[in-house]
1. Magnitude of the Cβ-charge dipole of the stretch 87-181, K/R +1 and D/E -1, about the Cα centre, nearest 20 debye?
2. Expressed as a whole percentage, what fraction of the accessible surface of the stretch 77-181 belongs to carbon and sulfur atoms when a 1.4 Å probe is rolled over the protein heavy atoms?
3. Suppose all protein chains stay in the model; what accessible area per residue would a 1.4 Å probe give for the stretch 80-181, in Å²?
4. Tyr140's amide H: which non-local residues (gap 5+, or another chain) put their own amide H closer than 5 Å, with H modeled 1.01 Å from N in plane and none for Pro or chain starts?
5. Rounded to the nearest 0.05, what FRET efficiency is calculated for Thr160 and Val89 with R0 set to 22 Å and r the Cβ-Cβ distance?
Amino acid sequence: MNRSAYLFVAIHLFLTACGTSKTYFTAAIKRSVEASNQKLDKIQFYADRDIVLQREMEKEDTKVYSGKVNIENGHYVNTIILKKNTRGVCTVVTNNTVRISFEQGNNKFLSFGETKNSNPEDPYRILATKWVDDYGIVSYEGIEYHIQPDGTDASLMIKTKFYNKLIREEREMKGRKVAKK
């Protein structure tokens, strides 16, 4: 291959790497969306990584509507898996949090928002009602689940093209005439 072919390939790889299709949802983006009178429930959200919710169950409680029941070390464990890039919709908005539903049904949502000491450019992260060691505890379907450690830093993403469209508001100046005296 000649030099120009290498250059073409290098530029193509660079542009492909830079052109990610999703961007993190932040407090600054939320403010931009609200300032442009867009509704958050019209935006498609995505999880940036797998989130695994688990809870131990009594044998009598093994009838499960979401997820799967396994027996681990003689204990019944209910597991719900949210895969990376799963689509979700915003169902509730408060000042610093959003509830995102990744499946139909009552109380089937996860809360994301600003964490303590975050700045407006930090992504909205999954929020737990309390923490026990490395496990965040969330309520899902009205039942407490532990977020497995790999999912405790999960964040929300939106499509980059939506955000780019939002921040590129253009208008053309009409010009002015000199006033006649």
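1. My answer is approximately 1460 debye.
2. Carbon-and-sulfur percentage of accessible area, whole number: 45.
3. Result: 74 Å² of accessible area for each residue.
4. Tyr145
5. 0.75
The values are calculated or read from the model by the stated rules, or taken from the named source; none is laboratory data. Computed from a predicted structure; not experimentally measured. So basically every Cβ, Gly included, is an ideal-geometry build from the backbone, and we count neighbours across all protein chains shown. What goes into the accessible areas is simple: the full protein's heavy atoms, side chains included, and nothing from ligands, DNA or RNA. Shrake-Rupley method; radii C 1.70, N 1.55, O 1.52, S 1.80 Å.
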